[in-house]
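As structure tokens, the structure follows; a few thoughts come after it.
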Amino acid sequence: MATKENGLPGWDPASVKEEMLRQYPPKVARKRAKQMVINQPRPDGSPEIMANVRTIPGIITMRGCTYAGCKGVIMGPTRDIVNITHGPIGCGFYSWLTRRNQTDASAPGAENYMTYSFSTDMQDKDIIFGGEKKLEQAISEAYDLFHPKAIAVFATCPVGLIGDDIHAVAARMKKQFGDCNVFAFSCEGYKGVSQSAGHHIANNQVFRHVVGNNDESKPGKFKISLLGEYNIGGDGFEIDRVLNKCGITNLATFSGNSTYDQFASAHTSDLNCVMCHRSINYVADMLETKFGVPWIKVNFIGAGATAKSLRKIAQYFDDPELTARVEEVIAEEMPAVRAALTEVKPRTQDKTAMLFVGGSRAHHYQELFKEMGMKTISAGYEFAHRDDYEGRQVIPNLTVDADSRNIEELEVEPDPQRYRARKAPEKIGELAQSGLPMKDYEGLIPDMEPGSMIIDDLNQYEAEKLVELVKPDIFCAGIKEKFSVQKMGIPLKQLHSYDSGGPYAGFKGAVNFYHEIDRLVNSKVWGYLKAPWQENPELSATYVWE
Amino acid sequence: MLLRHTPKEIGERGALTINPAKTCQPIGAMYAALGIHGCLPHSHGSQGCCAYHRSTLTRHYKEPISAATSSFTEGSSVFGGQANLLQAIETIFTVYDPEVIAVHTTCLSETIGDDLPQIIDKADKAGKIPPGRRVIYANTPSYVGSHVTGFSNMVKGMAATARKSGQKNGKVNVIPGWVEPADMEEIKRLAALLGVEIILFPDTSGVLNGPLDGQFQMYPPGGVTMDELKSTGDSTGTLALGEWCSAEAARLLDTSCKVPCRVLEMPYGLKATDRFVDALRTIAGVSVGDEINHERGQLVDMISDMHQYFYHKQVAMAGDPDQLIALCEFLVSIDMWPRHVVTGTPGRAFEERIRQITAGLPYQVNVKAGAGADLFLFHQWIKNDPVDLLLGNTYLKYIARDEDIPLLRFGFPILDRVGHQYFPSVGYKGGLRLLEKILGALLDRKDRDDPEQSFELVM
Ligand code: SF4
Ligand code: SF4
């Protein structure tokens, strides 16, 4: 595709949008039109986009369900909780080891249940007569077999309908065991409109039942927790490596390579760093309200972004030694990053990317593409909300519809004993003055170029149209989209599970990503799609054997 | 250790399933529906099930899997999913333009009790189904049976579209069961070699093993057509491969269209393939030509050439009933010894048949189907009585690594290797491939473990 100097390639987003909507029934087209926005900076901020709304029945959507967001995403990566799916077998089966969130359970005696799938495997008689008895027995059996610290129960769709009171069962069992925390999640798949509701339900319950249970803190001078980092492909390992090197102690990662005790003592951190704003910003808010821990938005995707995030943390702690150490680390790590860029950039410069994934990665990964000289011409989230697109200033204006109303908002108050404001309000004000505002996120749209297109909840039909009409050099989405896009001769990088690669976070991750994208966009295979006789079908002259 | 919490001692478990050896009905229905030409499978429920089923099938086939969903919200779960399905049917025909939509239910819509035929009828009356297009369906509640049941239910839904015109078409219906696209191709090849015209349904060959050529075809060229399905009512007879996967559909054709049927075991290995070829030639009244005899002879040849390496090697296998029965017979026929056999799919007949096949062995095999038959128990059995080879889906690799036992990947899902899309395991040729893979696994292990002084060049 031809590229204009200093800008996006010559494309006409308005006609692409029109083409994408053309085939839809009028009602569908009207709704989808509001979820597609051409980026034109306005004096009053970002253009408005419709997000976090229902997917139209019949549309081949990228989205999953609340259970997937709750059990799969948030609770999945914690190794020492026994996660029991209460429902028929499928839900528990599909969420078994399929997310590539790595864990390090190599310490002697460490527990690791992530390789297991636990289910009550409900049968028709349980659906008819109720499944509470079976659930109770299943929890008992899990306790007898493993004696874990905690057992979590996840409701799937039919459970809500037949009215099993999973919370009562959990409370009863917790009391009976005495030494095992049992709690439940009403994360039936029909709640909300996407995985996002499941993140919320999961986080609320972790906050309610686990956070704050253990006041013992790990030693460390600069203590943070990392929120919204799931250790896919080992991202969390790389971030921890960098943090350790800087002398920053990461007490708890919500939730990657995580353990029950990390969550239980997370309130002893002095700063919360939010990676994925969508899945967890409300937990950061609650930790602040209840325990006085402020939060900042960070991003460890991209070498530049990593350096920036480390500097933000140093700025917050305001300690000369830490500041110096952070600069040293950045100086040590960057040469390898620059060397990799020098190598790949001649092959990636000015190539174009599209990113449709998740609730933060479609934003974060643009950093890496920028570093490689690539342009993001279109992007959007699968399950994010307006604030993730337009910035947190829109939060007060968000409308609560029927689908968000059924997701509980916890009422949190300062903990009478344990609330401790980590920084005086004046100090927080000063930090904001000097360029480090707390709880601030500007969203994806302001970071994208004018003339780019932002599309919420992109579906298979629209993806196909985009690829066909615009032919980006790389398309980023998930496993369900991977092969339909690749059949058209355009490489697809999975940004949920990373295909087989990673880590892509931090400095080493950035280098990995540069090489991975170089491999994909420059792979020889895209030149093999046509056989010689398909490229030149005419027999120009009768071939004569010599 | 990856499965460090699995104890050797086997205790009573009545309610907790750990590491299932089955999954849920709709994914089977979705797979079967993909074997219809021009078909878009549709999951009537919340969107999570559909996302899970598509993802798993995609990972198994490394191919695009298109399927739509009714995207239930809380409202639909209270008031029923009729409005969602009506809207879905309209959206699908306008946007995706399939020839047929194959609707299956999920636990949610089943628990609600949505009446599919009534809703589809309503859609039809409201003009939401364009002329010449079809909506077929299957009820697939996952709190009954397993993914195999769902497959069978959708195949039955396909058979329900058969019509008897009164004029025989001279063909034989073959219902292959849940086998791979390459297996379906192989069954068609064998029938063609025999000179028998068949209607194979479902038929995922040409759908889920497509080429990379610069085009995305939402409806690839493969699959049984709706016309062919209709004409199965005029066939000479039906061969159903696998009691669990295929028998119901065959029996339906028998009662609804008076097409006589025979239920055979799936043609994995020598004897089951012999029975399949024999049945096909008998129904069609043809004789078996030299090509097939030649292929059969090659399989017998490999069994004899390498018999010493198979002899009395013990195998633990997990998977689906029809496949396990046939494979078990194949293993016993080459003097390998099945030791532990598990399927999460219920069925008493399974345990009986496995016992019958293994009756001549010097021990009682451990066999279990349905409730309580999971990979946790399977692993415990292996800890108590170790084996030489594991056979089953990708989830077994955790056991394989912990117990240091070679694994032959077979069944569903295979998430970490390729080949099942392209190379058949059924028929004589498929038998050769299975033996090649078994030998590869056993001999690689031998080469790794043999002491230097007895390390062999020639094997
Ligand atoms: S709810 Fe039922 S149909 Fe859906 S994934 Fe779970 S078991 Fe399968
Ligand atoms: S049944 Fe419900 S919880 Fe389970 S996968 Fe489907 S939508 Fe999700």
**Q.** Selection count where residues are surrounded by fewer than 24 Cβ atoms within 10 Å (Cβ to Cβ) and over 17 Å from A:D440 (Cβ atoms), scope segment A:265-288
**A.** 4
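Taking the conditions exactly as written (at the interface with chain A (Cβ under 8 Å from one of its Cβ atoms) and of a type in the set (G, A, S)), does B:G80 satisfy them or not? It would help to see each step written out before you state the result.
Details: at the interface with chain A (Cβ under 8 Å from one of its Cβ atoms): no; of a type in the set (G, A, S): yes.
The answer is no for B:G80.
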Q: For segment B:243-250, indicate whether the set of residues that are part of a loop (DSSP other than H, G, I, E, B) and surrounded by 16 or more Cβ atoms within 10 Å (Cβ to Cβ) is non-empty.
A: no
Q: Residues being crowded, with 17+ Cβ neighbours inside 10 Å, away from chain B (no Cβ under 14 Å) and of a type in the set (G, A, S): count how many of those fall in segment A:32-63.
A: 2
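Considering only residues that are assigned to a helix (DSSP H, G or I) and either in contact (Cβ under 8 Å) with a residue 12 or more places away in the chain or buried (at least 21 other Cβ atoms within 10 Å of the Cβ) (or both), which ones fall in segment A:94-127?
Residues of segment A:94-127 that are assigned to a helix (DSSP H, G or I), as a first pass: A:94, A:124-127.
Within segment A:94-127, A:Y94, A:D126, A:I127 qualify.
Within segment B:18-85, considering only helices (runs of 4 or more DSSP H) that don't extend past its boundaries, which have at least 1 residues that are closer than 19 Å to B:V148 by Cβ? Talk me through it step by step, then tell me what you get.
Numbers: elements: B:25-33, B:47-61, B:74-79.
It comes to B:25-33, B:47-61.
Select from segment A:471-493 the residues that are touching a residue at least 60 places away in the same chain (Cβ under 8 Å) and open to solvent by less than 10 Å² (accessible area, probe 1.4 Å) and write down the one among them that is farthest from the chain's Cα centre (by Cα). Step through it out loud before you land on a result.
Of all residues in segment A:471-493, those touching a residue at least 60 places away in the same chain (Cβ under 8 Å) come to A:471-478, A:480-481.
Pick out the ones that are also open to solvent by less than 10 Å² (accessible area, probe 1.4 Å) and you get A:472, A:474-478.
Details: A:P472: 23, A:I474: 20, A:F475: 17, A:C476: 14, A:A477: 12, A:G478: 12 Å.
Among them, the one singled out is A:P472.
Being open to solvent by 10 Å² or more (accessible area, probe 1.4 Å), outside the structural domain of B:P221 (by TED's automatic domain parsing) and either within 27 Å of B:T161 (Cβ to Cβ) or in contact with an Asp or Glu (Cβ under 7 Å, 6 or more places away or on another chain) (or both) is true for just one of B:G80, B:G75, B:G38. Which residue is that? Step through it out loud before you land on a result.
Numbers: B:G75 fails: either within 27 Å of B:T161 (Cβ to Cβ) or in contact with an Asp or Glu (Cβ under 7 Å, 6 or more places away or on another chain) (or both); B:G38 fails: open to solvent by 10 Å² or more (accessible area, probe 1.4 Å).
From the options B:G80, B:G75, B:G38, the qualifying one is B:G80.
With respect to A:V525, determine if the residue is among the aliphatic types (A, V, I, L, M) and open to solvent by less than 40 Å² (accessible area, probe 1.4 Å). Walk me through how you get there before you give the answer.
On the way: among the aliphatic types (A, V, I, L, M): yes; open to solvent by less than 40 Å² (accessible area, probe 1.4 Å): no.
The answer is no for A:V525.
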Q | Single match in B:Q421, B:Q453 (criterion: of a type in the set (S, T, N, Q) and open to solvent by 60 Å² or more (accessible area, probe 1.4 Å)) | A | B:Q453
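What do you reckon, is B:Y96 modelled with pLDDT of 95 or more, out of contact with any strand residue (DSSP E or B) (no Cβ under 6 Å at 6 or more places or on another chain), surrounded by fewer than 24 Cβ atoms within 10 Å (Cβ to Cβ) and facing chain A (nearest Cβ under 9 Å)?
No; evaluated as a whole, the condition is false for this residue.
Which one is nearest to ligand 2 (Cβ to nearest atom), of the residues in segment B:99-137 that are hydroxyl-bearing (S, T, Y) and open to solvent by 20 Å² or more (accessible area, probe 1.4 Å)?
Step one: filter segment B:99-137 for residues hydroxyl-bearing (S, T, Y), giving B:105-106, B:109, B:111, B:137.
If we keep only those that are open to solvent by 20 Å² or more (accessible area, probe 1.4 Å) as well, we get B:111, B:137.
On the way: B:T111: 10, B:Y137: 18 Å.
Among residues in segment B:99-137 that are hydroxyl-bearing (S, T, Y) and open to solvent by 20 Å² or more (accessible area, probe 1.4 Å), the one nearest to ligand 2 (Cβ to nearest atom) is B:T111.
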Q.
B:N393 - would you say it is modelled with pLDDT of 95 or more and within 14 Å of chain A (Cβ to nearest Cβ)?
A. yes
Q: Looking for whichever is more than 16 Å from ligand 1 (Cβ to nearest atom) and among the hydrophobic types (A, V, I, L, M, F, W, C) here; the options are A:I84, A:I59. Which one fits?
A: A:I59
Q | Among (1) within 14 Å of chain A (Cβ to nearest Cβ); (2) modelled with pLDDT under 95 - the single one B:G166 does not satisfy | A | (1)
Q) Mind checking which residues of segment B:41-62 are open to solvent by 10 Å² or more (accessible area, probe 1.4 Å) and away from ligand 2 (no atom under 15 Å from the Cβ)? A) B:R59, B:K62
**Q.** Pairs, first away from chain B (no Cβ under 14 Å) and in contact (Cβ under 8 Å) with a residue 12 or more places away in the chain in segment A:14-28, second open to solvent by 20 Å² or more (accessible area, probe 1.4 Å) and in a helix (DSSP H, G or I), C-beta under 9 Å, six or more apart
**A.** A:V16/A:K465; A:V16/A:L469; A:K17/A:A33
(Q) Testing B:E90 on (1) closer than 18 Å to B:Q118 by Cα; (2) modelled with pLDDT of 95 or more; (3) within 16 Å of ligand 2 (Cβ to nearest atom), one condition comes back false. Which one is that? (A) (3)
Q) Of A:A138, A:A142, which residue is buried (at least 18 other Cβ atoms within 10 Å of the Cβ), in contact with a Pro (Cβ under 9 Å, 6 or more places away or on another chain), aliphatic (A, V, I, L, M) and within 7 Å of chain B (Cβ to nearest Cβ)? A) A:A142
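The values are calculated or read from the model by the stated rules, or taken from the named source; none is laboratory data. Every value quoted in this text rests on a predicted model; they were computed, and no experiment measured them. Here Cβ is always computed from backbone atoms with ideal geometry, including for glycine, and neighbour counts include all displayed protein chains. Surface accessibility is based on the protein's heavy atoms, side chains included, excluding ligands, DNA and RNA. Shrake-Rupley method; radii C 1.70, N 1.55, O 1.52, S 1.80 Å.
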